[in-house]
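A quick write-up on the structure given underneath.
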Amino acid sequence: MPRDLPAWTYDRRRELGDRIRDLRLRANLTQEVFAEMTGIDRRTVQRIERGTSDPPYSSLLLIADAIGVPLSDLVG
């Protein structure tokens, strides 16, 4: 990680990754299909779901659209 952040930011990033994974699975999408739908590399999807990567805002928009939820539900 390029910089030290407060511990709570890592916890929230993990929560976001868990939420994305849960919603993806509810939509019955594999990581491969999900990556194709969003245009995000599958390995990046893995890192986002594990909470080890900070997705850019534009990626969050693509993810929310692919899953069919408002962005606020995704990051809530």
Handout entry: Surface per residue (accessible, 1.4 Å probe) for the range 11-76, Å²
Key = 59
Exercise for the section: Compute the convex hull volume of the Cα atoms of the chain, divide it by the residue count, and report the result per residue in Å³ as a whole number. Expected result: 82
Completion exercise
Taking Cα atoms only, helix 57-67 is inclined relative to the longest principal axis of the chain by an angle, in degrees rounded to 10, of 40
Exercise for the section: Pop the C-beta distance of Arg50 and Ser72 into the FRET formula with R0 = 35 Å and round what comes out to the nearest 0.05. Expected result: 0.95
Practice task
Leaving ligands, DNA and RNA out of it, report the carbon-plus-sulfur percent of the accessible area of the chain at a 1.4 Å probe.
Solution key: 51
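The values are calculated or read from the model by the stated rules, or taken from the named source; none is laboratory data. If you're wondering where the values come from, they're calculated on a predicted model, not measured in any experiment. Note: ideal-geometry Cβ built from the backbone for every residue, glycine included; neighbour counts use all protein chains shown. For accessibility, only protein heavy atoms count, side chains too; no ligands or nucleic acids. Shrake-Rupley method; radii C 1.70, N 1.55, O 1.52, S 1.80 Å.
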